[in-house]
Each structure stands twice: as C-alpha cells, then as structure tokens.
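The values are calculated or read from the model by the stated rules, or taken from the named source; none is laboratory data. In this text the structure is predicted, and so the values were computed from the model without any measurement. Don't worry about glycine lacking a Cβ; one is built from the backbone with ideal geometry, like all the others, and counts go over all protein chains shown.
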Amino acid sequence: MGWFDDKIHEVFYNVGVRVHKVFRLYFLLLSFAILTFASFGFIWFEKQTTRDPQYVFSPANAPWRYERAVLTEHWPLDEEKFWPGKSYDLHGYVDVIASGRVHPDYGRPNILNIRYLDEVARINDYIVHNLTVPVDINGKHYDIAYTDLCMRYDWACFLNDHITMLMPKTRWGNFSGPFAEFASDIINTQVNITYPIGWRGTEPIYFGALVGAPNLVDEEGHFDFATAIRLTYNTREGKVDEYGIEWRRKLAKWLTDKENPVSELLEFGVNHNMTLPEGLQDVADTLAPKFVGTCAILFTFSFLVSVVLRRHSAGQVMIDWVRSKPLVAAAGLMTPVMATVTSFGLILWCGQLYNAIVNVSPFLILCIGIDDLFIMSAEWHRTNPKDSAEKRIGHTLSEAAVAISITSITDITTFAVGCYTTLPGVQMFCMYTCVQCFFCYVYQIIFLGPVLAYAAEMEQNEQHALLFRKAVDPEKTESKLKLWLLSGSVNRQNQDVHRRKSKKVAPGEEEIEKTSKLGEMVAKLEHTLEKHDEDPGHNSEETLVSKIFREIIGPFILQRSTQVCALLLYLVYISLAIGGCWNIKEGLDPKLLVRESFYLSKFYEIIDETFWREGLQMQVVVNNPPDLFDPESRKGFDEMMAESPSNIFEKCLISFFPEFEGTQYTMNPNATMIWLRAYENHLETEVHELNIQKPKTSSEWYKRCRDWLIVAGGRRLWQMDLVWANTSFEETPRITAFRFQLGLRNYRTPTDHTHSCKMMRAIAEKHSKFNVTTFHEYYPFADQYLELTPSLFQNMFMDLGTILLVSMIMIPEWRCAIAIVLSIASINVGVLGFMSYWGVNLDSVSIITVIMCIGFAVDLSAHIAYAFSQSYGNSHTRAVAALETLGWPVFLGASSTVLGILLLTLVDSYIVQIFFKTVFLVINFSILHGLIFLPILLMKIVRGVRTRDGESNEKPKIQMEMESQTAA
C-alpha cells in the first residue's frame, strides 16, 4: 500500500498549504458554525434521556422480557385487586428494610425485641398517616397521605400488619368481656407465626420475604431472633402518579436523612422504582466537576509541554516565547471539548437516547485529543525552521495528520463495531464515542490546523506567543525578567552563528554559565549530544528530548541485554495475564452501580445480609397445565409418578417439584407458595372432618376448586395465581394457566443470579410440554451476565480484524500492521487478566472500558509502528528513529491520560473506579508495549534495509514533489 501512503501524504500536505494560504479563517468559522448548530440538539436532552437500568444493562432480545410479558398477560396490574409480590408491572413501589444499628462488638441487634418493634411501628404509622405531599387542585390546597395514594385490595391498603403479628400476642389488641376469650382462642389456635410461611387461619403469610435472617428454634419454623423487617408501600399510578412519585421521593429522603436521622435505634435501606436511575444520575453528576478539573489539569500539562526552553549565548536558560505554542495547546484542549458538545448535540437531534453511562466518554475523547495534539506539536518541531510557515504547516500535516488519521480511523471503526453488540448500554456508549472520535478528528484538521497556521505565522514574524508583539532579542537585553517573559528566537537567520558562539565560551563567560545550575545541566547534556547536531538529517532546532530518545533511550532499549530482559519481562507479564483471565468473574452486582454514599447502597448492604441469603421469591408459570385429575390425558406426566392414580395430585407435585425445590438456590418445599397444595389439604380436611368424598371426575374436581376459592382463607392470594378459561358457573371450569412462588436462597452474587437463572430455565425447558415460564426481578441482570463473554469476544475479534484491515491500508509495511494487532491483542489480554487481580468483574461496564482500551492501545501502538514504517535504514536504525520521532509524544499522551483520570479516584462509584482502573492498566501496558516490546518485535520481524530510492539529498520523493508544487 505504498502508493496509498504517498497519496495521503500529498493530500494532507496540500491541505496544510491551503489552510495556511486561504482557508484558515473559513475553517475556523466553519468549526464554530458546526458547534453552534449541533448545540441546539441539547434542547431534546431531557426528552431523549433514559434512566431505565433494565434497558441500559440488559440485551434488547433478552428472554426476561418475554418471561415478564407472560406474567403481565395473565395477571395484568389491577390497582383495586393488588397484592404485594404478585405483580412486576408496578412502578409505584417503595421497599424499606428496617434494621437495628450495628453494634461494634455484637453486630446487628434482635429486631424482634419489643423496643425495636415499637420503633418500627412508630415509623410505619408516621409514614402511613403523617407523611404527606402538598397538592393544589382547582385552587384548593390538600395534603395527600399514603392512604390517599395506596394500591388496594377490596378498598383496603396494605399497612404492614405483620409488624403487629411479630409483637407479643398481648399487644395485638385490647379485648374485654366475652369477646376477649373468643379473640384469645382465635389468636392462640388460628394464628401461627412460623418461618418461612406462617398462617392466619387458612390464609398463608410468607414471612420469608418479611423477616430477615431469623433464628429458628424448632422444626415447625418458630423463631426468636431476626435482624431485619421488610416494609412495603405501593402507590397508584395513572392520574395520581405525579403525586405518588413525589411522595416516594419524600419518603426516601426522610428515611435516609443522615443529618437528621428519623431514629436513633434503626437504620433503613430504601429502594423504589426511581432509586437506581437516580443513583446512576448521581454518579453522572459527580463527573461534571471532575471533568472541569481534568480540563484544568490537562491544560496546565499541555501548556507546560508546549513551552520551549532555550539557552542563549550567555548561558542563561529561558523560555523561547517565539517557538512556544501555548495557544496551540489551548486549541488542542478545545478540540475534544468541541467534539463532545457537537457529538452529543447531533446524536440527541437525531432522536437517539442518552444515559448517564456515556458520561465517561468525554474523558476518553479528551485524552485522545491531547495525544493527537502532542503528535502535531512534535511534527511541527521536526520541520525546518528556515522554511516558510506555509511549507512547515504542509510538512506538519503531511506527517502528523497521517499518523492521527490511522489512529482516528481505527478508533472510529473500533467503536462503530461496538455498536453492533447486544447490550444497549454498550451500544449507546460506542455510538456516542464513535461520533466523538469522528468530530475530534475533523476538528483536528479544520480547527487545530488553522490555529497552528496562525501560530506558525506568528513564529515566522518573530512574535510573542501570548502578547502578539515582536519578542525581545535575548542578545540585546540583560534583564532576567525580560529574558523569561518577553524574549524569543528572533533573528533566526543568525541562529547558526549564535550556536557556534555558544559552543566556544570565552574564559570570562564560564563564570556566567556557572551562575545558572539549570544552564550547567542543560549544557552538559547538550555537550554529550552536540556531536550529532552536525548530521544534516537532523533539524538544527530539534528538541532536546528528541536527541535524548535518539542517542540514549533508543539505543539502550534495543541493546541485546535489554532485549533479553524484555523477553523475560514479557513472559512474566503474559503468564500473569493469562492466569488472571482464567479466574475473572462475571456479573455486575446491582449494589455496585451507585456511589457508596448514595442511600441505595445501604439497602443493598442490609438485603445482602438478610433476604439475599434466604427468603426472596421466584415466579413459576405453567402456561399449559395438564388435566390435574385425569392421568390418561397426561401420560408423560404420569410416567414420573411413583404411586397409584388415587393420589395423583400429590404425585403430580412430587414429580414436578423435586427439580425446582431441590436446587442449591431454592428453599425447602415448605417455602413454596402454591394453591394446589392448599386445595389438596382442603379436600383431605373435607374427607376427615365432614365426610365429603374427593371428586370423582375432572369436571367435579375443577368445580369444587372454583367453589373453594370463594370461601378459602387464602382466596385473595390463590385467586391471583389462577387463570380460568371461563367465568360462567354454567360452564365446566378449566384452568388455562397457573403460577406458584418458590422460596430462594444463596442469591447473593452475580454468579448466583446467573447460575440460578440458567438452572431454572433448564428445568422449565425439560418440562416444555407444560410450557413453563420462570421469572425473578434480577433476571434482567442475569441475562446481561449471560451475554457478557460472547459480546466481549465478538467485539474483540471484530475490532482486531478492523484494526488489521485499516493498518494494512494506511501503513505501507504489512508486517508493521501485523505487529500492531499482536500488540493490541497482548494489551487486551493483560488488561483482562490484571482486572481480575484488581477486583474488577467482567460486566457491561468493564466491557465498555475494554473496548475503550482497544482505542487507547491503537493510538500508542499505531504511532510507533507508523513511525517505524516511515523510517530509513536497517531495522535497528528504524526502531531508534521511531522512538526518536514519536517516543516522547506517545509518552506525553500516556502521561496526560493518567493525569486526566486521576481525579476520578475521588468518585466513590464502582462504574467510575472500573473506568479508572481499566484505563490505568491499558495506559501502562500500552507504554510498556509501545516503547519496549513493540520496537523490539518490529526490529525482529521486519528485516532488510529501507533506502531512499533515487534520492540524492536524503529527502523522500513525495517531499520533493510537494515542495515543487509549493514553489510553483
């Protein structure tokens, strides 16, 4: 692809010349016009913002969406027939876990102690009756309480009556007279407080989801100790949803107020439908000031790097304000900022969604833009200062823009590939970052290029880089203040004479040099390198750092002893990396999505200690139930039975449930809430107590089941678990679907969620004849975990293939392109491996950062490989030349990236910490590869000598053609 390389050099050379001659003002105006136009897209910011974590972190075609839709179809939300835990369509819920404050020596206290129960009851009463929100309707003011907003069943709100049931029975009510004896008999004989299921008459109460970490005292399930009590509040939606949202937020704020805690005994974990979105937004809000701080740090760093130091004939080291480029540094920082604003605005204008997860992308673009700035500055300083500003701009863009083009195009294509993943959060991030990379590249040409053109003209006119006036000649002033603040390289035509004079210091001037320690140090270093300055291939004004990389660092790195050490270092590195990859964990723990200081983290802390260990419930739906009476209609089901058909109902359960109830993630059968067992117990009771025989036919069995639901103590629960084909009493009833709830245990980690989800679905698939559907509220996260590894490998291989293709086209030496891909693959393996050592799991957030790390790795590796491909001589000489040309800019780019993300360590958010850790790893590994491993690899695989064919003055042919065009 040598012809392509020559052509693109020619194109960018002409662009540079045209920019300086004609278009610099127009390009600047065009940049601001694009920025202004795109900024109007922020008008739709709120409208296009999505805060739904299930959408962001779960695949669009995830199975849980179908599974939840099955529940919604059979049991749609009814605000007047609502039972907690039976509906997953409800958005107006508030889940509160009350627990005693942790004692430093004894841990959490017994929440069943009457002192704590009274406190819970007090808090609950206040929430139900006194916590209100103001409402103005038709000019009248009202204060709306929970009882005005609550979901109902038979016109009654759920008021957390289990608090009273957990108290001593003497506290259940004040009864007197004959009624007291009757009430006492009912309380003592009909109410049974056991775990996981208690009973109020024949109505079951699932204490597994209400009492956390109980201590059981007998086999029946009585308990005398628990650490937490769960409270639920459910508000209606529709017309009153606006007030319900306000009430839920007020409740969360009241319970989690750290400055004015509502209780000295208790602490509360609070979760509602907007809590996680608010937590993610809270993370995003903390990034805004950090971004400003990052810009300030990078501007300071870029400004310092843009300053050129010069030692004049008297030996004084001072700032060369003619050659320094602080305005270019400022423009280089503005470039990624402008790209970010432009990209966000245009994407929003096009109707695409926004989520806070993309807020880390500007940090990435900022670092990429600064890296490109250093490349541009380095190439400028390598141009001949005796040439015209027009020609120097052409040469700068000819070299720098090509190097930037390679990395920018690979970045753009890398993130474009990421848009095809199945995870919406990754898609969204990659789309925003891809567009930002594109505009960052465009602005490098149409904004930074013109600014550099103006700066070049100022340098040619010997103007001060900040004051826009002619700089002071350091040879004509003795004032140190003027030397430091106003002087620069004026009278450039006499600079060779000045340099010769400075090398022959008169005896009387030695003392002057010694008065400046900095001057002495620089003089000694220059004396070591000055013999190389006579080489006509080197710029007489090249930076000291370039000399150091050429004469000291490059040869040292490429010594045989250094290569042996590098090989041993690489073997240790890759061994540790592969070991880490084998041990990496998958899954995004929901509790890590928010900052540690956000109130939701307390909810996850308490639920992890209690209900995630045991007590949660999973829904299981039988969409195609068999005839639960006639065994002949379901032979396949009967084959699993071990007993006679006379006990078919019990055998159905025995054959169906051992798999569901016998896993490591499900509780014992006594934790399963199913209407069928209650109905079978009812039939047995009728036989023994009323001498009513069991049904003889299927029709009778179903009719008696429907009649039982009218009078059963748990009818409110069981009615909501059955779907009847008909409702007329004249027709033979038939059940088209039913559901039951399994008690869960060991449901604490993302791995548990994933394995449990796979296991439940496998059991359901095994019984496909019944069309079984399972669902739990953490299934969206589990489906994300299941997609992580396939998405990661898909993106990595597609990205590497894309990078190889782009590199093969834009880099004339195909072996250099291969080396880039190998280097990036090695860096990615290292990042994944060392992530596991640093406590980072494989999740959608880390996949985003891994995709990002490919972009960083491309930048650093491609620059070195491209510089190697453009150098002449044998492989050793070319490797040294590559380090001389771009070693320092690459190091500066990496250093600026690390500086840019240092402020992120102050954000107590897992998402942000993952970003910092991953970028920190990839930058360090990229530096290790770019400055050590890759040059050595290139030296070994690219053999032979690259010569300047047909050239007599050591200039590339394309350069001669460009100069002739300029002269014409």
Residue match in the stretch 51-60 (condition: among the aromatic types (Phe, Trp, Tyr), exposed (fewer than 13 other Cβ atoms within 10 Å of the Cβ) and assigned to a helix (DSSP H, G or I)): no
Just to be sure, is residue 360 crowded, with 24+ Cβ neighbours inside 10 Å, part of a helix (DSSP H, G or I) and in contact with a Phe, Trp or Tyr (Cβ under 6 Å, 6 or more places away or on another chain)? yes
Residue 96 versus (1) part of a loop (DSSP other than H, G, I, E, B); (2) within 23 Å of residue 243 (Cβ to Cβ): which is the lone unmet condition? (1)
Going by the structure shown, is residue 681 under 23 Å from residue 617 (Cβ atoms), exposed (fewer than 15 other Cβ atoms within 10 Å of the Cβ) and free of Cβ contacts under 8 Å to residues at least 40 places away in the same chain? yes
Exception for residue 239 within (1) closer than 19 Å to residue 97 by Cα; (2) without any contact (Cβ under 8 Å) to a residue 60 or more places away in the chain falls at (1)
Looking at the stretch 235-242, is at least one residue more than 29 Å from the chain's Cα centre (by Cα) and crowded, with 21+ Cβ neighbours inside 10 Å? yes
Within the stretch 917-937, which residues are modelled with pLDDT of 85 or more and over 14 Å from residue 890 (Cβ atoms)? 917, 920, 921, 936, 937
Please go through the stretch 700-726 and pick out each residue that is part of a loop (DSSP other than H, G, I, E, B) and either over 17 Å from residue 83 (Cα atoms) or assigned by TED's automatic domain parsing to the domain that holds residue 203 (or both). 725, 726
Could you look through the stretch 180-219, keep only residues that are loosely packed, with under 14 Cβ neighbours inside 10 Å and assigned to a loop (DSSP other than H, G, I, E, B), and pick out the one that is modelled with the lowest pLDDT? 201
Among 793, 729, the single one that is outside the structural domain of residue 623 (by TED's automatic domain parsing), surrounded by fewer than 16 Cβ atoms within 10 Å (Cβ to Cβ) and modelled with pLDDT under 85 is 793
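Being of a type in the set (A, V, I, L, M, F, W, C), over 25 Å from residue 440 (Cα atoms), surrounded by fewer than 20 Cβ atoms within 10 Å (Cβ to Cβ) and in the same structural domain as residue 833 (by TED's automatic domain parsing) is true for just one of 937, 906, 902. Which residue is that?
Details: 937 fails: surrounded by fewer than 20 Cβ atoms within 10 Å (Cβ to Cβ); 902 fails: over 25 Å from residue 440 (Cα atoms).
Residue meeting the stated conditions: 906.
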Odd one out for residue 615 among (1) on the phi < 0 side of the Ramachandran plot; (2) modelled with pLDDT of 90 or more: (1)
Taking the condition part of a helix (DSSP H, G or I), surrounded by 18 or more Cβ atoms within 10 Å (Cβ to Cβ) and either acidic (Asp, Glu) or modelled with pLDDT of 80 or more (or both), does residue 292 pass? no
Name, by its number, the condition in (1) surrounded by 20 or more Cβ atoms within 10 Å (Cβ to Cβ); (2) in contact with an Asp or Glu (Cβ under 9 Å, 6 or more places away or on another chain) that does not hold for residue 705. (2)
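May I ask you to say which residue of 85, 16, 92, 2 is in contact with a His (Cβ under 9 Å, 6 or more places away or on another chain) and modelled with pLDDT under 85?
Just a single option satisfies the conditions, and that option is 16.
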Candidate set: the stretch 126-146, residues that are surrounded by 12 or more Cβ atoms within 10 Å (Cβ to Cβ) and β-branched (Val, Ile, Thr); chosen: the one nearest to residue 255 (Cα to Cα): 127
The residue that is farthest from the chain's Cα centre (by Cα), considering only those in the stretch 378-407 that are of a type in the set (Gly, Ala, Ser) and surrounded by 24 or more Cβ atoms within 10 Å (Cβ to Cβ), is 394
Close pairs from the stretch 444-456: first in contact (Cβ under 8 Å) with a residue 24 or more places away in the chain, partner among the basic types (Lys, Arg) and not in a helix (DSSP H, G or I), Cβ under 8 Å, at least 6 apart: 452/325; 455/325
What number of residues in the stretch 145-164 are over 18 Å from residue 95 (Cα atoms) and within 39 Å of the chain's Cα centre (by Cα)? 0
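Which residues, counting only those in the stretch 476-513, are in a helix (DSSP H, G or I), touching a helix residue (DSSP H, G or I) at 6+ places or on another chain (Cβ under 8 Å) and either among the aliphatic types (A, V, I, L, M) or modelled with pLDDT of 75 or more (or both)?
483
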Assess whether residue 797 counts as being in contact with an Asp or Glu (Cβ under 9 Å, 6 or more places away or on another chain) and of a type in the set (A, V, I, L, M, F, W, C). no
Residues satisfying the stated conditions in the stretch 811-820, i.e. buried (at least 22 other Cβ atoms within 10 Å of the Cβ) and part of a helix (DSSP H, G or I): 816, 817, 819, 820
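Residue by residue, here is whether (1) among the acidic types (Asp, Glu); (2) farther than 30 Å from residue 475 by Cα holds:
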site	(1), (2)
259	yes, yes
271	no, yes
277	no, yes
285	yes, yes
292	no, yes
299	no, yes
306	no, no
309	no, no
319	no, no
Picked from the stretch 838-888 (must be among the β-branched types (Val, Ile, Thr) and closer than 15 Å to residue 945 by Cα), the residue surrounded by the most Cβ atoms within 10 Å (Cβ to Cβ) is 880
Being assigned to a helix (DSSP H, G or I), under 17 Å from the mean Cα position of the chain (by Cα) and either surrounded by fewer than 20 Cβ atoms within 10 Å (Cβ to Cβ) or free of Cβ contacts under 8 Å to residues at least 24 places away in the same chain (or both) is the filter here; which residues of the stretch 415-443 pass it? 427, 434
Are any residues in the stretch 121-151 in contact with a strand residue (DSSP E or B) (Cβ under 8 Å, 6 or more places away or on another chain), modelled with pLDDT of 90 or more and among the charged types (D, E, K, R), and if so, which ones? 143
